[in-house]
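Here's the structure, in structure tokens; my notes come after.
The values are calculated or read from the model by the stated rules, or taken from the named source; none is laboratory data. As the structure is a computational prediction, the values presented were derived from the model and not from experiment. Backbone-built Cβ (ideal geometry, glycine too); neighbour counts: all protein chains shown.
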Amino acid sequence: MDANLSNSDNLNELERRLADWKPAPDGLNVDAMLFAAGRASGGNGKARLAWPVVSGGLALLAVFLSIRLAAERAERLALLQELHVRLADSSPVSPSTSPTPKSETPPNAYLVLRREWEQRPGDRQVESPVQGEASNDSTLPEVNILRAWQPHGPREPL
């Protein structure tokens, strides 16, 4: 038991009676005792009902949002069908009745030059797209670029 109980003269009446008590070996169920202790530790307060209330609220929120999503999708599909009907009923507009304004892009604009380069990537001829400018017939110098694998070069790592 306790190391401090060696001196029985220092015990009062209650402590002597408690020291003499021994548990009976029969009728002691450890599992039932632990189960009862666990239930007693849970308490009967408001916190015991918190988790079921929160879980129920989240379930109701999920159901509500699912219903709203289904209703919104139905509205979107109805609007899409109405748009298809309106487009089918309207007559196509001829291009001669409504002139579209053309924006003149200069021939040396970046997007025009980029489009030409993408269509002819191997052509490195420098040409002046502006009329009246003299074009030099020089080509750009070939630059050796280090790559991880060169098609006609050494196959060992650099």
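Which one of Leu34, Leu69 is within 26 Å of the chain's Cα centre (by Cα) and not hydroxyl-bearing (Ser, Thr, Tyr)?
On the way: Leu34 fails: within 26 Å of the chain's Cα centre (by Cα).
The match here is Leu69.
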Please determine whether any residue of segment 118-128 is of a type outside the set (Lys, Arg), part of a helix (DSSP H, G or I) and at pLDDT below 85.
yes
For segment 32-89, the count of residues that are in a helix (DSSP H, G or I) and either among the basic types (Lys, Arg) or touching a residue at least 60 places away in the same chain (Cβ under 8 Å) (or both) equals 6
